[in-house]
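The values are calculated or read from the model by the stated rules, or taken from the named source; none is laboratory data. Small disclaimer: the values here were computed from a predicted structure and weren't measured. So basically every Cβ, Gly included, is an ideal-geometry build from the backbone, and we count neighbours across all protein chains shown. Quick note on the areas: whole protein, heavy atoms, side chains included, nothing else; ligands and nucleic acids left out. Shrake-Rupley method; radii C 1.70, N 1.55, O 1.52, S 1.80 Å.
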2 protein chains.
Amino acid sequence: MIIEEKSYCENSCANKCPCKEYCPLGSALKLIGGKWKIPILCALHQDGTTRYNELKRKINGITNTMLASSLKELENDGLVCRRQYDEMPVRVEYALTSACDDLIPILNQLAKWGSKVNSGEGSK
Amino acid sequence: MIIEEKSYCENSCANKCPCKEYCPLGSALKLIGGKWKIPILCALHQDGTTRYNELKRKINGITNTMLASSLKELENDGLVCRRQYDEMPVRVEYALTSACDDLIPILNQLAKWGSKVNSGEGSK
DNA sequence: CAGGATCCAGTTAGATACTG
DNA sequence: CAGTATCTAACTGGATCCTG
């Protein structure tokens with residue numbers, strides 16, 4: 001084997017891998033999976049605190065259903081925080097939580113890796 | 001904003017983010033998305049070169065349909081290489097390609113991040 | 001304004017049986 | 001042994017309309 005680093009399975013699934021019962025890697029990917037989580041996180045990271053309808057405008061093609069449900073999931077997972085101001089009309093703002101501080105650089109690396117793999121293909 | 005690092009959107013989607021057209025991060029996640037990609041990569045990383053039926057035994061609950069199609073996708077994406085020996089009966093072996101060298105540490109980080117986030121929840 | 005409710009379509013995954 | 005083919009089930013995402 002080529003990889004010197006300790007197996008990520010040792011870190012995550014102990015010796016239950018391949019993921020027979022519980023896999024932290026799998027559950028991590030669920031947090032940011034689905035069609036809209038990444039665009040939402042991306043928008044919030046770019047622009048900071050953002051209102052609902054502003055998000056909707058920025059994220060091309062998202063529907064109310066998906067934006068609302070994705071935000072709720074992200075909030076429940078602790079990645080996004082929702083703040084409501086009871087003005088008239090109501091104002092609701094969303095922002096990344098500090099749990100995302102470590103996530104962003106990792107996504108960064110993943111994106112770079114993806115670009116590299118996509119470009120250097122067809123080598124079989 | 002809390003994050004000092006350069007936005008991953010600058011690295012990946014340029015200024016087309018949030019992912020209006022093409023997003024390297026999104027496409028990277030597609031490569032390892034779906035229910036079985038991670039378990040397969042995980043098994044291959046743990047044990048190195050592995051035969052088809054051996055994989056099937058190790059990955060709890062996977063069906064032929066899913067194993068075959070996932071392996072084919074991974075192969076097309078350049079993450080796994082397939083080697084066929086025309087003995088009788090046929091022997092086919094799968095292994096990770098060098099494209100995974102960089103991926104494993106990243107997944108490692110993601111898994112750690114996921115564990116941390118999952119444990120430190122309910123802080124809203 | 002910021003969503004919720006409802007209904008529908010498409011995609012993804014699984015069961016089962018079969019083949020070179 | 002290493003898959004394919006077919007059919008079905010489940011889940012994900014979307015359109016539209018509605019509301020405090």
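The table that follows gives values for the structure above.
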{"quantity": "Complete set of residues in the range B:71-90 that are away from DNA strand D (no atom under 11 Å from the Cβ), more than 9 Å from chain A (Cβ to nearest Cβ) and open to solvent by less than 60 Å² (accessible area, probe 1.4 Å)", "calculated": "B:Leu74"}
{"quantity": "Test: A:Thr49 is within 13 Å of DNA strand C (Cβ to nearest atom), under 24 Å from A:Val90 (Cβ atoms) and touching a residue at least 40 places away in the same chain (Cβ under 8 Å)", "calculated": "yes"}
{"quantity": "Residue list for the range B:68-124, restricted to those being within 16 Å of DNA strand C (Cβ to nearest atom), under 30 Å from A:Cys100 (Cβ atoms) and of a type in the set (Lys, Arg)", "calculated": "B:Lys124"}
{"quantity": "Number of the exception - A:Ala68 against (1) in contact with a Ser or Thr (Cβ under 8 Å, 6 or more places away or on another chain); (2) away from chain B (no Cβ under 12 Å); (3) of a type in the set (Gly, Ala, Ser)", "calculated": "(1)"}
{"quantity": "Residue satisfying all of: in the range A:28-50; surrounded by 18 or more Cβ atoms within 10 Å (Cβ to Cβ) and polar (S, T, N, Q); modelled with the highest pLDDT among these", "calculated": "A:Thr50"}
